[in-house]
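Undergrad: After the structure tokens below, expect a handful of questions from me.
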Amino acid sequence: ICQIHLKDGPNLLGQGKISMPRVAEVIAEIGYTGWAVLETSSPRKNLEIDMSHNLGYVRGLFSRA
């Protein structure tokens with residue numbers, strides 16, 4: 001695996017149908033330490049705010065994994 005894309009449809013990460021905590025758990029279990037690409041939407045139509053949310057969410061998620 002050279003990179004992983006994180007996305008959850010048209011939702012902010014952590015607010016859709018995908019169990020992002022489980023995704024982070026599995027990524028940690030396999031020992032992956034490469035790139036994670038945030039392939040996310042901007043449901044609020046404000047890229048700065050939505051990207052800030054998604055990046056903060058992912059950083060928190062992987063700091064616990």
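The values are calculated or read from the model by the stated rules, or taken from the named source; none is laboratory data. Since this is a predicted model, take the numbers as computed values, not measurements. We place every Cβ from the backbone using ideal geometry, glycine too, and count neighbours over all the protein chains shown. Side chains are part of the model used for accessible areas, which takes the heavy atoms of the whole protein and leaves out ligands, DNA and RNA. Shrake-Rupley method; radii C 1.70, N 1.55, O 1.52, S 1.80 Å.
Undergrad: Applying a 10 Å radius around every beta-carbon, put 11-21, 36-46 in order of their mean neighbour count, most first.
TA: 11-21, 36-46
Undergrad: Considering only protein heavy atoms, what per residue accessible area in square angstrom results for the chain with a 1.4 angstrom probe?
TA: Normalised by residue count, the accessible surface of the chain is 70 Å².
Undergrad: Tell me, Kirkwood radius of the chain from alpha-carbon pair distances, in Å?
TA: The answer is 12.1 Å.
Undergrad: Let me ask another. Round to a whole number: what % of the accessible area of the chain belongs to carbon and sulfur, probe 1.4 Å?
TA: About 57 percent, which is the carbon plus sulfur part of the accessible surface.
Undergrad: Further question: Using a 1.4 angstrom probe on the protein heavy atoms only, line up 26, 58 by accessible area, largest first.
TA: Ranked from most to least accessible, the order is 26, 58.
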